[in-house]
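Student: Take this structure, written in structure tokens, and hold onto it; I'll ask about it next.
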Amino acid sequence: MSEQNTLPASVAMLRVLEAWGVKHIYGYPGGSINSTMAALAKEKERLQYIQIRQEQVGAFAASAEAKLTGKIGVAFGSAGPGATNLLTGLYDAREDHAPVLAIVGQAPSTVMNYNFFQELNEGPIFDDVSVYNRTVMTPESLPHVVDQAIREAYQHKGVAVVIIPNDFGYKEIPEENYASFSQTDNKPKPEPVATDKEVEEFLAMVQKAKRPVIHVGRGIKDGGDELVKLSKKLQIPLVMTGLAKDKIPDSYEGNVGIANRAASKAADEIMAATDLLITIGADFPFANLTYQTHPFQFVQIDNQQVELGRHHNVDLAIWSDATRFVKKALEKALELPERPFFRAAVADMKNWKAYEEKLMNQASDPLQFESLYKEINAVADEDAAFAIDVGDNIINSFRYLNLTPKNKWVISALFASMGTGLPGALAAQLNYPKRQVFNIAGDGALSMVMHDLVTEVKYKLPIINIVTANNTLNFIKSEQDDAPMAHSGIDLHPIDFATVARGMGMEAATVTKSADLKDAFKQALAAQKAGKPFLIDAKITAKRGIPVEELLIKHDNGEWTESIAPDYDQNSDDKPVASVREFFDRYQGEDLKTLPEIFAEYGVAAD
């Protein structure tokens with residue numbers, strides 16, 4: 001009988017990752033992860049190790065990879081500080097339901113529980129962030145535990161953590177196929193479908209409503225075309241959640257944009273006037289603000305039963321895949337006559353878009369963010385990928401950035417962590433090497449992770465980095481504007497990001513006025529074509545975009561009224577606005593119409 005071949009347990013572990021289709025693994029070396037590093041050297045032809053400069057960036061990149069591709073992202077960190085540095089990125093994955101595997105180093109098994117160097121009780125540290133959290137107990141079980149961790153991450157759409165005593169990875173174990181992956185894992189998972197009775201009850205509620213609105217979440221997936229047909233057939237305007245921005249074309253007249261703070265005026269106004277709100281595939285964390293403005297009937301369609309009733313009391317809950325529900329409703333629905341409310345919503349959005357166009361087409365010196373976004377739209381390929389960091393760029397991207405189903409884009413949505421733009425761009429460029437990739441980040445966000453600009457240089461990733469620098473945490477400043485306080489802690493010391501980039505071997509340009517944008521982007525496109533990253537240091541003003549969330553809509557005594565929230569701009573030396581018209585004028589909105597004006601024009605009654 002011949003002897004069975006053996007291999008190091010860490011190599012067997014990596015082959016499990018390869019069997020599951022993992023192409024990249026993000027991490028930073030450390031003494032307690034060296035057995036994994038040794039295996040990465042042996043498997044380098046099949047699995048690419050990406051050396052980031054801080055473990056948080058690796059975890060963010062793994063999370064972004066999972067969000068962009070739907071496939072598991074993998075990051076690692078050594079024991080102690082390497083492990084704890086992973087946490088913020090892993091929480092981003094948890095909150096956005098992204099399957100991520102975290103491989104965590106530990107002191108060798110022979111010295112564990114001796115208070116060894118960098119030894120922590122790591123299991124409890126990761127309990128809250130994970131759906132699966134195990135410490136490997138034997139070298140032989142290492143590949144099995146990792147295989148199970150991947151299954152758990154996919155099953156629960158979350159973070160799986162495997163803690164590995166470093167000596168186990170060096171041990172020889174039998175060379176076998178430890179991966180459970182097979183073609184059966186590629187089969188589409190069954191989805192719940194609404195019953196005929198549920199669809200009929202939904203349609204009856206729509207028939208009775210005068211001002212129905214559909215709030216669209218990312219659960220609609222590829223069903224945007226069908227939802228547009230249903231919107232037209234039932235005369236219902238569509239309000240988008242941020243993560244669904246690319247699911248419905250901006251060109252569809254019934255798409256009135258995104259609600260809440262990163263919002264269009266039309267979306268916030270129309271949402272505040274609805275008498276029937278229908279959420280489809282939407283997990284909306286701001287519901288306790290946006291859904292509490294006034295009473296309305298509430299219908300929720302979701303493929304996760306746990307989501308039903310999570311954010312608002314439901315009048316009709318339907319457990320169903322969003323797209324399948326829409327298709328079934330389309331089949332059963334009768335075409336309804338034109339609704340005044342729908343036509344008013346379309347007019348409101350048309351008025352808002354004209355306002356946006358006016359701002360984007362203005363020359364600006366000093367540079368304004370609208371001019372910058374206009375140029376991004378002009379140079380971006382139709383299938384470009386965008387990593388958008390947290391802060392004012394979320395608001396401005398939702399308002400001004402052209403995104404369609406052809407694009408790939410990623411944000412830290414529910415966790416909303418700053419510093420995710422650059423890691424997201426790394427993941428986008430590695431997974432979609434033929435696509436144009438943009439990293440859009442504010443100066444506060446980029447300064448958290450700018451050490452990893454050198455990672456773009458090292459791996460020759462032709463990312464176009466755009467930093468909107470105004471020396472202010474402007475998103476927080478806007479919140480403090482409306483709070484009973486003095487501005488505190490929001491001023492940032494200026495950074496010459498172009499010089500920082502050049503110091504890392506990256507070409508860069510600084511822009512201070514809109515007239516210089518074309519030349520800067522010409523340089524960026526040339527660098528990209530040459531396979532090199534580029535940074536544009538856009539020195540924008542710290543102006544506040546119009547805060548449409550401050551608009552209040554009410555109907556009393558048969559009349560619609562619109563006013564400004566009483567806490568708006570209370571922490572300011574500016575003269576208080578006395579009317580909605582003065583509010584619009586403050587933000588160059590002289591041509592914006594109030595909602596009561598639009599409702600009067602289209603005969604939308606306040607009853």
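The values are calculated or read from the model by the stated rules, or taken from the named source; none is laboratory data. Not measured: the values here are computed from a predicted model. Cβ: placed from backbone, ideal geometry, glycine included. Neighbour counts: every protein chain shown. Note: accessible area is taken over every heavy atom of the protein model, side chains too, but ligands, DNA and RNA are not part of it. Shrake-Rupley method; radii C 1.70, N 1.55, O 1.52, S 1.80 Å.
Student: Cβ-Cβ below 8 Å, separation at least six or inter-chain, first residue in region 218-234 and touching a residue at least 40 places away in the same chain (Cβ under 8 Å) and at positive phi, second assigned to a loop (DSSP other than H, G, I, E, B) and open to solvent by less than 90 Å² (accessible area, probe 1.4 Å): which pairs?
Tutor: Lys221/Lys247; Lys221/Gly281
One line per residue, one yes/no per condition, for (1) under 30 Å from Val74 (Cβ atoms); (2) open to solvent by less than 20 Å² (accessible area, probe 1.4 Å); (3) not aromatic (Phe, Trp, Tyr):
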residue: Asp383; (1), (2), (3): yes, no, yes
residue: Asp392; (1), (2), (3): no, no, yes
residue: Asn402; (1), (2), (3): no, no, yes
residue: Ser417; (1), (2), (3): yes, yes, yes
residue: Gly421; (1), (2), (3): yes, yes, yes
residue: Ala428; (1), (2), (3): yes, yes, yes
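Student: Scan region 10-29 and tell me whether some residue there is over 25 Å from Glu119 (Cβ atoms), aromatic (Phe, Trp, Tyr) and open to solvent by 10 Å² or more (accessible area, probe 1.4 Å).
Tutor: yes
Student: Quick one: is Tyr91 modelled with pLDDT of 95 or more and hydroxyl-bearing (Ser, Thr, Tyr)? Explain how you work it out, then say what you get.
Tutor: Numbers: modelled with pLDDT of 95 or more: yes; hydroxyl-bearing (Ser, Thr, Tyr): yes.
So Tyr91 fits the description; yes.
Student: Just checking, how many residues over region 346-373 are closer than 23 Å to Asn471 by Cβ and open to solvent by 20 Å² or more (accessible area, probe 1.4 Å)?
Tutor: Initial filter on region 346-373 (closer than 23 Å to Asn471 by Cβ): 359, 362-373.
Restricting the remaining residues to those that are open to solvent by 20 Å² or more (accessible area, probe 1.4 Å) gives 362-363, 365-366, 368.
Of the residues in region 346-373, 5 are closer than 23 Å to Asn471 by Cβ and open to solvent by 20 Å² or more (accessible area, probe 1.4 Å).
Student: Restricting the search to region 57-87, which residues are in a helix (DSSP H, G or I), of a type outside the set (Asp, Glu) and over 16 Å from Glu122 (Cβ atoms)?
Tutor: Listed by number, the residues that qualify are Val57, Gly58, Phe60, Ala61, Ala62, Ser63, Ala64, Ala66, Lys67, Leu68, Thr69.
Student: For the subset of region 542-567 comprising residues that are among the polar types (S, T, N, Q) and surrounded by 14 or more Cβ atoms within 10 Å (Cβ to Cβ), which member is nearest to the chain's Cα centre (by Cα)?
Tutor: Among residues in region 542-567 that are among the polar types (S, T, N, Q) and surrounded by 14 or more Cβ atoms within 10 Å (Cβ to Cβ), the one nearest to the chain's Cα centre (by Cα) is Ser563.
Student: Within the group Pro81, Pro174, Pro108, which residue is in contact with a helix residue (DSSP H, G or I) (Cβ under 9 Å, 6 or more places away or on another chain), over 28 Å from Gln304 (Cβ atoms) and buried (at least 16 other Cβ atoms within 10 Å of the Cβ)?
Tutor: None of the others qualify; the one that does is Pro108.
Student: Of all the residues that make up region 588-607, how many are assigned to a loop (DSSP other than H, G, I, E, B) and either within 20 Å of Thr274 (Cα to Cα) or open to solvent by 30 Å² or more (accessible area, probe 1.4 Å) (or both)?
Tutor: Here the count works out to 10.
Student: Now a separate question. Just one of Pro340, Pro405 is over 20 Å from the mean Cα position of the chain (by Cα), in contact (Cβ under 8 Å) with a residue 40 or more places away in the chain and farther than 20 Å from Ala263 by Cβ; which is it?
Tutor: Among Pro340, Pro405, only Pro340 is over 20 Å from the mean Cα position of the chain (by Cα), in contact (Cβ under 8 Å) with a residue 40 or more places away in the chain and farther than 20 Å from Ala263 by Cβ.
Student: Mind checking which pairs have a first residue in region 429-456 that is within 11 Å of Phe386 (Cα to Cα) and a second that is open to solvent by 10 Å² or more (accessible area, probe 1.4 Å) and assigned to a strand (DSSP E or B), Cβ under 7 Å, 6 or more apart or different chains?
Tutor: Arg435/Lys408
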